[in-house]
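> One structure coming up, written as structure tokens, with questions to follow.
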Amino acid sequence: MENFSPLQNDLLTEAFNLGMGLAASALSQMVGEEIKLSVPKLLLIKRQQAAKILINKNITTVTGVKQHFDGPFNGDALLLFPVENSLALVKLLLKNTVPDDDLTELEEEALCEIGNIILNAGLASIANMFGQDIHSGLPNFIQGSSENIMHADNQDSLVFFMHVDFCIAAANINGYIIYMLDAQSIQDLGTILNKYLKKMSLSK
Amino acid sequence: MSNLKLLSCDIPLANVLDACVFGIIIIDDSYRIITWNTWFEKYTTFTKDAAIGKKLFELFPDLINTRLQHAINSTLENFSSSYLSQALNKTPFPLRNTENNNENIEQSISIKPIQLFDNRRCCIIQIENVTAAVRRINKLNILKQQAESDRNIAQNLAEMKSIFLTTVSHDLRTPLASITSSLTLLANRITGSIPEESMNMILLAQKNSYCLLQLVNNILDLDKIESGMMSYNMETLNVADLLQQAIENNMDLAYKSNVSFHINKCNKYLLVNADQDRLMQVMCNLMSNAAKFSPPQSKIFLDAALSEGTIRISVTDTGSGINESFRASIFKKFSQENLGNNVRPGGTGLGLAICEKIIHKHDGIIDFICPDEGGTEFFFELKAVTS
């Protein structure tokens, strides 16, 4: 298993934050409200650890969006929220027209679109920064236990785990972005990052 | 273009696309429409032939700089799939249902990248008409809101009624208690001799003020129980002692009603865990009802029996039983049987409602039986305590 160096980690965090900026701008335009998104920290950890982080925060059931991506590396991208946070987010974006305490089909689809914008922005940012083509599929709504959703029983697999902060209309809503890659994909990504770093140091 | 015309099984692709029940547009990286299916003829004024070859934003100039265009750009530039939900994008495409008042249709849109054989990047836009689903969900939401509103109104009314009853009863209780005790003193001739005519009036006033006081006390008791403010002092009680005490407490009632209370069967070792005062209140209510509905000189029996860990305590009278039409509402508040000619028995109509709540608080059940041969058995069951 490959661990990324602090420099590689910083590079990825920067790429994701750039992507979050674009996603925030797209969401802001959609809902007519200023939205800020930030990814303060990126962790490369095992799936079990990621599931444990959520469980330790008493987040046993999560709701969110999943979409597959492929290209120079493959995997699944997830945007996850504790159940009440996903409802709060959708209510804010739909300007509180959501009457219920559960997401209906229409609100699930709204969450899918939000997830699609954010996850695509992260991947697009990586793709643009490193000159790669990454293709993502359509988003799917998911709900379940943290462990099941992250297939925590797959012990060898690593994930990029990011805590994302949504700031909308003076409300802060926390969610999590997770990119699940297999071992080969992690290695391939590492190779791409190294090439980029080399290119940057040569150009100085 | 010719690569689009046939699938491997020799079915023209155009036929397949036209058979789809959702809209399909394929555009290239300069937004030129490569193909679109006849689904659009239902919702736009453009025919298929008129649309193909044109640029999408020439046909729909209102789409420029919208979420849809940004999603298309994202797909073409980054080769990522994009999704537009109905909830966040009411009508991204200006599509109207010409068969239904020209209404805008609600849409759910997926945009996926595809590559042509000449490696040109294109995207396929799929549009689903979700108007019916949106209407159904909106109707459901309205019904839910209505139900919630009705529930809140009902709750508020119940609370207001409870507050009103409690406030009024509180304010009535003290003066009523004072009136009752004064009349009792007069009736007992403590204040000196009173002419007989006046005495009859005093006795009548005493009886009615006592009834009013009972009503006020019952209302307050019920309110206390329903609001959870009634405290229960649970202890192990001997059932035989309870029944004996109940008979002694109601001797005056028995005398005035011209009936007699008897313990029929009761093992002297039966024990229950209960609040003595509350259980006595239940016994007094049941015995009072039995006395009220029994003919003169009749016997009313109290029984207690153990069966499978449960003790059943019953009060059985030999009255005329309970009318069929009244049985379903017998435990409801202010419920009183109409004895004919709109005559109702005395009492507050709250006694059995209070009994039910007390027994339920003891995790027991309360019910009654009206055998065909007449009479009524009211009973309640509580878990036995094994010593």
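> How do the helices (runs of 4 or more DSSP H) wholly within segment A:1-103 filter down when requiring 3 or more residues that are under 27 Å from B:Q86 (Cα atoms) and more than 14 Å from every other protein chain (Cβ to nearest Cβ): which remain?
A:83-93
> Can you name every residue in segment B:13-34 that is β-branched (V, I, T) and either without any contact (Cβ under 8 Å) to a residue 24 or more places away in the chain or open to solvent by 20 Å² or more (accessible area, probe 1.4 Å) (or both)?
B:V16, B:V21
> Residues of segment B:63-95 being of a type in the set (V, I, T) and touching a Ser or Thr at 6+ places or on another chain (Cβ under 7 Å), which ones?
B:T75
> Next up: Kindly indicate which of A:L54, A:L27 is in contact (Cβ under 8 Å) with a residue 24 or more places away in the chain, surrounded by 21 or more Cβ atoms within 10 Å (Cβ to Cβ) and closer than 16 Å to A:N116 by Cα.
None of the others qualify; the one that does is A:L27.
> Kindly indicate which of B:N208, B:N249, B:N264, B:N188 is open to solvent by 30 Å² or more (accessible area, probe 1.4 Å) and modelled with pLDDT under 80. Break it down into steps so the answer makes sense when it comes.
Numbers: B:N208 fails: modelled with pLDDT under 80; B:N249 fails: modelled with pLDDT under 80; B:N264 fails: modelled with pLDDT under 80.
Going through B:N208, B:N249, B:N264, B:N188 in turn, the sole match is B:N188.
> Determine if segment A:179-193 includes at least one residue that is at pLDDT below 85, of a type in the set (G, A, S) and either under 17 Å from A:I114 (Cα atoms) or open to solvent by 50 Å² or more (accessible area, probe 1.4 Å) (or both).
There is at least one residue in segment A:179-193 that is at pLDDT below 85, of a type in the set (G, A, S) and either under 17 Å from A:I114 (Cα atoms) or open to solvent by 50 Å² or more (accessible area, probe 1.4 Å) (or both).
> Of the residues that make up segment A:165-172, is at least one acidic (D, E), more than 29 Å from B:Q126 (Cα to Cα) and within 16 Å of the chain's Cα centre (by Cα)?
yes
A quick yes/no check of all residues on (1) under 27 Å from A:V31 (Cβ atoms); (2) of a type in the set (G, A, S); (3) out of contact with any strand residue (DSSP E or B) (no Cβ under 9 Å at 6 or more places or on another chain):
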position	(1), (2), (3)
B:F93	yes, no, no
B:N100	no, no, yes
B:N104	yes, no, no
B:A154	no, yes, yes
B:L183	no, no, yes
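> Would you mind telling me which numbered condition in (1) in contact (Cβ under 8 Å) with a residue 60 or more places away in the chain; (2) touching a Phe, Trp or Tyr at 6+ places or on another chain (Cβ under 9 Å) A:P40 fails?
(2)
> Next question. Hey, does segment B:232-246 have a residue that's touching a His at 6+ places or on another chain (Cβ under 9 Å) and within 21 Å of B:E356 (Cα to Cα)?
Yes.
The values are calculated or read from the model by the stated rules, or taken from the named source; none is laboratory data. Values in this document were obtained by computation on a predicted structure and should not be read as measured data. Heads up, the Cβs are rebuilt from the backbone with ideal geometry, glycines too, and the neighbour counts pull from every protein chain shown. Keep in mind that these areas ignore ligands, DNA and RNA; they rest on the heavy atoms of the full protein, side chains included. Shrake-Rupley method; radii C 1.70, N 1.55, O 1.52, S 1.80 Å.
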